[in-house]
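To keep things clear, I will list the structure first and then write my remarks on it.
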Amino acid sequence: MQDLLAARSQMAVSLGFHIVFASIGMAMPFLMAVSHYRWIRTGRPVYLDLTKAWSRGVAIFFATGAVSGTALSFELGLLWPRFMEHAGPIIGMPFSWEGTAFFLEAIAIGLFLYGWNRLSPWVHWGVGLLVGITGVLSGIFVVCANAWMNSPAGFDWVDGRALNIDPWRAMFNPGWKSQTLHMTLAAFEATGFAVGGLHALLLLRRPGSAFHREAFKIALLIGSVAALIQPLSGDRLAKGTAQRQPAKLAAMEALFRTESGAPLMIGGIPDVRERRVHYGLELPNLLSFLAQGDFRAEVKGLEEFPEADWPPVAVVHGAFQVMVGAGSALAALGALFLFLSARRSPLLLHRRFLLAAALATPLGFLALEAGWTVTEVGRQPWIIYGIMRTRDAVTPMPGLVYPFLAFTSVYVFLAAVVAWLMHRHIRAADREYQSSRPEAIAAGPGSGRHGASHA
Amino acid sequence: MWVVILFLGASLLLYCLLAGADFGAGILEVFMGRGKRRAQRTIIDRALGPVWEANHMWLILMVVILFTGFPAVYSRVSTNLHLPLTAMLLGIIARGCSFTFRHYDAVKGRSQRSYSLFFIYSSVWTPFCLGVVTGALVPGGIDPAATGYLEGYVRPWLRPFPLALGGFTVCLFAFLAAVYLIGESPAGAVRSGFARRAVVASAVAVAVGGLVFWAAEADGIDLAARFLASPAAAACVVGATFSLPVLWLALAREWGWIARILAGGQVALILAAWFAVQFPILVKLKNAPDLTFFNSHAPEATLYQLNLALTFGAALILPALYFLFRVFKSESPAPDAH
Ligand code: HDD
Ligand code: HEM
Ligand code: HEM
């Protein structure tokens with residue numbers, strides 16, 4: 001394996017692994033805060049059980065997120081020393097703010113997890129919320145750094161050196177708002193549907209369990225709201241991409257020729273040699289509208305750029321289709337959920353709906369990984385768009401395939417262990433918590449309303 | 001820039017004092033007698049659980065300060081010391097995960113033994129690698145122009161001094177942990193067990209410390225002479241040595257807090273001496289000018305922003321950290337919710 005390819009793959013594996021845990025770390029504290037709040041307010045044991053059960057799972061995800069994040073902050077240098085040498089002083093600022101946010105988060109998580117008997121209920125609740133807030137802030141800061149790689153700002157590039165550095169403008173580069181918004185929503189959407197889907201599955205197995213029913217509702221509520229906003233935020237992001245990284249947009253859409261009134265290409269297999277797409281579905285003029293807000297506008301195709309500077313078109317286009325496909329499915333499901341909840345319809349706990357939610361479990365994370373593939377692979381061959389090429393940034397150390405294999409096997413192993421631990425955790429929760437059993441329907445006032453609909 | 005240097009030094013010190021002790025607790029598990037193992041492990045679990053992630057953040061802070069404030073150093077070190085750094089990262093991953101999994105596995109069964117195994121060995125491995133990396137900055141074995149794999153990526157750290165320093169770091173962390181854990185345990189056999197281990201660990205640390213000086217000579221560094229030449233460094237070493245008997249007395253009497261302060265002070269003195277000897281050099285290079293605080297720092301605008309972020313961050317973090325430690329480290333160990 002080529003060294004550059006090994007380095008890129010190691011980066012992709014590490015980030016692809018970390019982002020799952022980071023997203024859960026951003027969103028889960030809010031799910032817990034809702035259930036924790038209801039426990040303090042209503043005193044119904046199901047909410048206490050839920051908060052505790054979730055927090056034990058989250059502890060495992062947190063530790064894994066923290067160690068994989070630590071690995072990343074070293075890997076940036078281990079793999080891309082020339083990139084960091086130049087980029088460090090420019091985008092160090094979001095990273096140092098991120099450090100502060102992590103620190104507060106790590107303190108808050110210690111207080112939250114071990115504080116049940118030591119803090120007063122509202123302080124404890126506030127600490128839990130703080131975990132979520134600092135988690136979201138750290139996500140925002142690190143995505144600012146990534147947005148800078150996509151739309152570099154805040155320095156002058158003179159003879160291969162950065163001069164007149166302005167860390168402030170680098171952090172708040174033109175892409176930061178739309179990218180951080182999109183990522184934050186993605187974390188809530190992916191986590192909400194993953195957690196909700198799992199509890200839907202358990203609810204199918206044990207109809208009438210108050211524990212899983214409440215969990216399902218809280219998680220899907222948060223996921224659905226995010227899923228409805230996400231396409232709008234994605235549209236805004238795409239307009240920015242069209243402006244700032246036209247080559248990436250062209251690759252996302254597999255648009256080879258510059259066209260006015262460009263069609264939106266759905267699916268299909270891009271053929272780079274023949275510069276056309278096989279088997280795709282074309283919707284006339286729609287791309288021009290989505291990218292520029294005008295059905296007749298001109299959209300730049302890949303032909304405008306030297307072929308050596310094209311990103312891998314098939315990967316970027318395919319990943320984009322996956323993201324948008326999964327996003328549309330989730331938005332539809334989310335809209336249905338919100339509609340049914342608003343009408344307090346018993347259909348919410350209908351087998352069919354639970355089955356749909358269970359099937360949607362992986363879709364959010366699938367979209368999230370696909371979205372990052374679009375962003376990162378679509379930026380190739382640049383590591384800093386238009387400024388520095390990935391191949392000029394890689395470490396000169398030979399034999400990079402070995403660290404790549406080492407990290408990959410560690411992460412595969414860890415993923416397996418975490419999955420196994422979650423499996424044990426869920427089984428134990430069913431044994432341990434009263435409210436998880438069907439007879440608990442009568443446990444609290446009003447909790448039996450939907451319970452019988454399919455018992 | 002001085003503020004940035006101060007934060008870098010403080011992070012290193014706090015990382016050693018806090019996270020070092022967390023690693024040390026794992027090292028001590030290697031030497032646990034069968035009988036008391038369960039009681040000791042409970043104490044360690046309770047001592048580390050709430051704080052290890054926060055303690056670990058000092059390392060992240062160090063990395064961020066390095067790549068923002070001294071990018072040339074970060075880039076040089078992570079290029080030539082790729083291998084020991086990767087080894088350290090794998091240790092960090094194994095330690096953090098195995099500790100958490102051990103505590104949070106819903107079923108406390110046979111798997112506990114595997115977690116413990118990973119936890120113990122990664123607790124020894126990680127500080128060793130940390131010591132090796134730190135040690136490799138000193139002898140001037142890093143050659144930016146090296147082309148061969150061995151010359152460029154193995155020889156800089158595979159030499160007597162870094163390896164000895166790795167061993168010393170392990171002893172030092174074990175010593176810190178033993179001293180801290182005295183205060184975490186109720187009076188009785190377990191507590192005196194930790195006190196005894198603290199005495200042994202400090203004696204071993206002194207011996208291995210001597211070994212470090214010897215290894216330095218073998219590596220062509222006149223470390224002893226450099227310590228003597230710097231009055232500040234010499235004073236620190238003298239201070240650390242002469243406080244040892246007092247520490248032993250405190251350990252024999254099981255005076256938890258006095259022992260903690262003395263032990264922490266000794267580690268601080270060792271680091272201060274190190275700093276005094278090295279300043280202003282960060283990395284000694286072969287066939288090239290050394291990287292110092294003065295020739296490797298980022299432009300002023302960056303340092304200014306970094307300064308601001310660190311000061312503001314510290315204003316938020318320190319009170320929060322104080323609260324964390326007050327909640328969990330005051331009083332007698334209360335029963336846990338889990
Ligand atoms: C739950 C996950 C999720 C869902 C449902 C969507 N996205 Fe997304 N998308 C992401 C998760 C994501 C992401 C992983 O979070 C990315 C990668 C970088 C970023 O900031 O967000 C991303 C990147 C990303 C980009 C690349 C921006 C760039 O690199 O310049 C575009 C154009 C879109 N998205 C557009 C959309 C559209 C039109 C969607 C319509 C449904 C959509 N996304 C749904
Ligand atoms: C190059 C990229 C990245 C680096 C260097 C990095 C670094 C880190 C580090 C050092 C930690 C550990 C902090 C702790 O101990 O709590 C961490 C955790 C975390 N990271 Fe990342 N990270 C990166 C990418 C991302 C991205 C893209 C996101 C999300 C948008 C993210 C969000 C988080 C969050 C929320 C945590 C908290 C831990 C958890 O909740 O599980 N990180 N990261
Ligand atoms: C956590 C979510 C992220 C994921 C899943 C992700 C995914 C990827 C992938 C797939 C690649 C390989 C692209 C290729 O070489 O073809 C890559 C490269 C890279 N990413 Fe990301 N990325 C994420 C966030 C970030 C962030 C926040 C940063 C920095 C602040 C970052 C910095 C890099 C760098 C430096 C490279 C290597 C150079 C390059 O390929 O351009 N990534 N990432």
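Set the Förster radius R0 to 45 Å, insert the Cβ-Cβ distance between B:A234 and B:R326 as r into 1/(1 + (r/R0)^6), and round the FRET efficiency to 0.05.
With a Förster radius of 45 Å, E is 0.75.
When ligands, DNA and RNA are left out and all protein chains stay put, how many square angstrom of accessible area per residue does segment B:243-295 have with a 1.4 Å probe?
Per-residue value: 50 Å².
Excluding A:P89 itself, what net charge comes from residues whose Cβ is under 14 Å from its Cβ, given Lys and Arg +1 and Asp and Glu -1?
Here the count lands on -1.
Suppose each label sits 7 Å from its Cα in the direction of the beta carbon; what would the A:I269-A:A415 distance come out to in nanometres?
In this crude label model, A:I269 to A:A415 measures out at 2.5 nm.
With the crude spin-label approximation of a point 7 Å out along Cα→Cβ, what separation in nm comes out for A:L340 versus A:A314?
A separation of 4.0 nm, rounded to one decimal place.
Within chain A, which DSSP H helices have Cα atoms that stretch 20 Å or more along the helix axis and a mean Kyte-Doolittle hydropathy of at least 0.0?
A:3-42, A:45-79, A:81-114, A:121-150, A:176-205, A:210-244, A:313-342, A:363-379, A:401-432
Evaluate E = 1/(1 + (r/R0)^6) for B:R38 and A:V401, where r is the Cβ-Cβ distance and R0 equals 35 Å; express this FRET efficiency to the nearest 0.05.
Here the calculated transfer efficiency is 0.20.
Around A:L163, with a cut-off of 14 angstrom between Cβ atoms, what is the net charge of the other residues, counting Lys and Arg +1 and Asp and Glu -1?
Neighbourhood net charge equals -2.
What accessible area per residue comes out for chain A, rounded to a whole number of Å², with a 1.4 Å probe?
For chain A, the per-residue accessible area is 40 Å².
Given the whole protein assembly as supplied and a 1.4 Å probe, what does the accessible area of A:L264 come to in Å², nearest 10?
That residue has around 20 Å² of solvent-accessible surface.
Quick one: if the Förster radius is 51 Å, what FRET efficiency do A:D166 and B:L249 give, using the C-beta to C-beta distance and rounding to 0.05?
0.35
Quick one: which bits of segment A:21-63 get at least 50 Å² less accessible when the partner protein chains are in, versus the chain alone, with a 1.4 Å probe?
In segment A:21-63, residues shielded by partner chains: A:R56, A:A63.
Taking the Cα atoms only, what angle lies between the long axis of helix B:37-48 and the longest principal axis of chain B, rounded to 10 degrees?
In chain B, helix B:37-48 runs at an angle near 50 degrees to the longest axis.
With every protein chain left in place, what is the accessible area of B:V30 in Å² (1.4 Å probe, nearest 10)?
Approximately 60 Å² of B:V30 is accessible to the 1.4 Å probe.
With labels modelled as points extended 7 Å from the Cα through the Cβ direction, what inter-label distance (nm, one decimal) is found for A:D294 paired with B:V154?
6.4 nm
Sort A:Y37, A:Y411 by accessible area with a 1.4 Å probe, largest first.
A:Y37, A:Y411
Keeping all protein chains in place and using 1.4 angstrom, which order do A:D294, A:D271 fall into by accessible surface area, from largest down?
I get A:D294, A:D271, largest accessible area first.
Please give me the summed charge of the neighbours of A:Y385: other residues whose Cβ is under 9 Å from its Cβ, Lys and Arg +1, Asp and Glu -1.
+3
Which value in deg cm²/dmol, rounded to the nearest 500, describes the helix-derived mean residue ellipticity at 222 nm for the protein assembly as shown, given -39,500 (n - 2.57) per DSSP H run of n ≥ 4 and division by the residue count?
So the helix-based figure for the protein assembly as shown works out to -24500 deg cm²/dmol.
If I stretch the segment between A:R352 and A:T408 completely, what's the gain in nm (0.36 nm per residue apart, minus their alpha carbon distance), one decimal?
Net length gain for the segment: 16.3 nm.
Percent of accessible area on chain A owned by carbon and sulfur, 1.4 Å probe?
Carbon and sulfur together cover 63 percent of it.
From the P(r) of segment B:252-305, could you give the percentage of C-alpha pairs in the tail past 15 Å?
Pairs farther apart than 15 Å: 67 percent.
Roll a 1.4 Å probe over the protein heavy atoms and report the accessible area of A:H317 in Å², nearest 10.
Accessible area, nearest 10 Å²: 0 Å².
B plus A alone minus the pair: what accessible area, both sides summed, probe 1.4 Å, in Å² to 100?
Chains B and A together bury approximately 6000 Å².
Ranked from the most accessible area to the least, with a 1.4 Å probe and all protein chains present, what is the order of B:K286, A:K52, A:K300?
Largest to smallest exposure gives the sequence A:K300, B:K286, A:K52.
Check cross-link reach from A:K217 to the aspartates and glutamates: straight Cα distance under 16 Å, and skip same-chain residues fewer than eight apart.
A:D49, A:E189
Which of the residue pairs A:K52/B:K108; A:K239/A:K300; A:K52/A:K177 have a Cα-Cα distance greater than 24 Å in the structure shown?
Beyond 24 Å between Cα atoms: A:K52/A:K177.
Under the 0.36 nm per residue contour assumption, what length would be gained going from the current alpha-carbon distance of A:K239 and A:R118 to full extension?
Full extension of this stretch gives 38.6 nm more.
The values are calculated or read from the model by the stated rules, or taken from the named source; none is laboratory data. Treat the numbers as computed from the prediction; the structure is a model and nothing was measured. Every residue, glycine among them, receives a Cβ derived from its backbone with ideal geometry; neighbour counts consider all protein chains shown. Side chains included, ligands, DNA and RNA excluded: accessible areas come from the protein's heavy atoms. Shrake-Rupley method; radii C 1.70, N 1.55, O 1.52, S 1.80 Å.
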